[in-house]
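Structure first, commentary second.
Just so you know, all these numbers are worked out from the coordinates, no wet-lab data involved. Only a predicted model underlies this, so the values are computations on that prediction, with no experimental measurement involved. Ideal geometry is used to build each Cβ from the backbone, glycine not excepted, and the neighbour counts take in all protein chains shown.
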RNA sequence: GGUCCCGUAGCUCAGCAGGAUAGAGCGUCGGAUUCCUAAUCCGAAGGCCACAGGUUCGAAUCCUGUCGGGACCGCCA
């Protein structure tokens with residue numbers, strides 16, 4: 001049971017009744033009210049703003065209105081006290097048993113504690129990573145990958161039917177460059193020492209391996225072909241090889257996509273023609289001339305009539321080109337087709353995780369999706385800001401040209417999946433972030449991953465004790481958990497479903513990471529109180545009390561594991 | 001020139017579908033170790049929530065403008 005939504009429902013019922021019997025008359029639909037934990041625990045267990053929210057349309061002062069509500073709220077099951085405070089807050093104090101019983105709920109639900117159904121089975125497509133198949137994933141990809149994957153986990157927990165998807169940009173010029181670069185390495189592999197990586201080709205050494213594989217599979221037969229023949233061969237070989245590497249790296253991050261969509265496939269299927277045709281049928285495609293961009297680096301700009309999408313109809317700043325001068329589709333055009341494809345495969349909602357450097361594309365993409373769905377918010381784009389890599393406060397310089405970029409695989413070798421995943425979620429997505437190797441691998445309070453892991457390991461350590469293992473904890477008398485520090489921990493545990501719901505609604509998995517840090521702090525706090533005051537230790541010579549406390553410890557471990565699961569982090573039982 | 005993001009304690013950041021006295025960690029200062037993991041905990045000090053207006057019972061949160069930092073702005077992907 002989610003205590004907050006439970007009482008929210010009860011109070012809503014009360015207001016409905018008061019409206020029905022004429023005690024309250026609303027002239028207007030009131031804004032949604034909330035039941036929340038009060039900021040100050042001395043105000044009680046639940047604080048609600050029902051009266052303040054309804055006051056205006058009821059034509060009453062908040063406090064007068066509250067007085068009506070309070071009469072009925074006082075009779076609700078589990079409510080021991082209710083009062084009106086400040087400008088019109090209604091504060092409820094609950095029977096401690098209401099909280100204590102949640103421990104049974106948590107243990108019974110186990111991995112399902114926190115699961116809700118706000119998604120109502122709606123189909124939602126989360127597209128993330130989608131790195132170009134021209135090289136291995138590098139460190140900069142990690143954050144978007146992790147945020148996307150954790151968001152997908154979170155939405156599943158919230159009852160959405162989630163598709164995890166990767167869009168492969170395997171059309172266009174860059175994969176031809178990849179093909180030529182691999183061809184050079186292929187010639188080298190066959191002993192042609194005169195073959196040199198040309199200007200503009202990808203110099204990365206990772207392609208040496210791909211060239212050798214190509215030589216192994218095809219021998220020297222590509223050498224006798226025209227470029228028009230060998231290029232497609234080398235291209236698809238290289239793309240497949242890169243995608244294998246990328247999938248392997250994602251696997252190390254515990255990311256498993258449901259689907260990889262190929263841009264080339266879409267173009268080949270004529271999906272782009274179809275999609276643009278649809279827009280054209282709606283009068284949204286026309287021949288026009290764009291103004292010169294004002295960026296300053298467009299010296300070679302020439303006004304030219306071209307095929308444009310009327311994205312300004314949907315809030316974009318200018319209309320956008322869908323065809324290039326060589327008569328092929330622009331990237332945007334195939335992206336339009338791709339998003340239509342996602343919609344046609346049955347997704348009600350689309351989420352894209354993009355790097356902050358793609359911010360300028362948000363409006364046009366949303367415009368295109370709106371053009372298809374007729375709705376404004378079918379596409380949600382989460383921009384993920386940059387990560388600065390440091391080691392002991394010193395920035396690690398990365399340059400693609402110099403070949404000194406840090407691969408995702410390198411980072412995983414250094415810090416491991418769990419640290420990387422958790423740390424990437426300790427900041428809001430739109431904030432830039434420093435990722436310091438030295439800092440994230442220290443085992444101290446400053447390192448949040450360690451701190452939460454330690455709380456879990458400590459809990460496990462208690463449950464492992466001989467005295468603990470011996471005790472039958474089923475049916476323990478939870479009312480014995482009455483110390484304020486214990487109650488504070490229980491309240492946190494009980495509020496986990498509410499946290500998941502809020503995070504899911506906001507599409508913000510980082511909230512779970514912050515919640516876990518709070519939870520760990522509450523647990524460590526209780527633990528240390530037991531150091532000072534032996535009567536508060538989990539294992540005591542009172543069997544009934546110990547049984548109750550062991551359930552509390554176990555529930556804490558369950559919630560940490562569930563939170564970790566959303567973040568894709570494995571809990572550690574012993575450190 | 002335009003669009004988007006950011007500006008909260010000395011530092012790093014939460015909080016933002018408006019709610020009561022604005023929170024946490026680090027750092028500083030002062031404490032706790034015969035005890036289930038002290039890799040931890042407790043306490044103190046520290047704030048014109050960038051600035052100025054507006055919206056209302058109420059604004060860090062919403063709106064407008066200003067200043068400061070960042071990203072982006074072509075048929076690249």
**OP:** For segment A:269-378, would you read off the P(r) tail past 17 Å as a percentage of all alpha carbon pairs?
**Re:** 55
Original post:
For the pair residue A:110 and residue A:132, what calculated FRET efficiency results from E = 1/(1 + (r/R0)^6), where r is the Cβ-Cβ distance and R0 = 41 Å, to the nearest 0.05?
Top reply: 0.50
**OP:** In nm, give the distance between the simple-model label positions of residue A:122 and residue A:209, each being 7 Å from the Cα along the Cα-to-Cβ direction.
**Re:** 4.2
Subject >> Residue order, fewest to most surrounding Cβ atoms within 10 angstrom, among A:396, A:353 >> reply: A:396, A:353
Subject >> Cα-Cα P(r), chain A, percent of pairs per 20 Å interval >> reply: 17, 41, 30, 11, 1
**OP:** Before rounding to the nearest 500, sum -39500 (n - 2.57) across all DSSP H runs of length at least 4 in chain A and divide by the residue total; then give [θ] at 222 nm in deg cm²/dmol.
**Re:** -15500 deg cm²/dmol
Subject >> Shape metrics for segment A:443-567, restricted to C-alpha atoms - Rg then Dmax, Å >> reply: 14.7, 46
Subject >> Ascending count of other beta-carbon atoms within 10 Å, so fewest first, for A:564, A:405 >> reply: A:405, A:564
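Got a sec? How would A:226, A:377 order by Cβ neighbour count within 10 Å, fewest to most?
A:226, A:377
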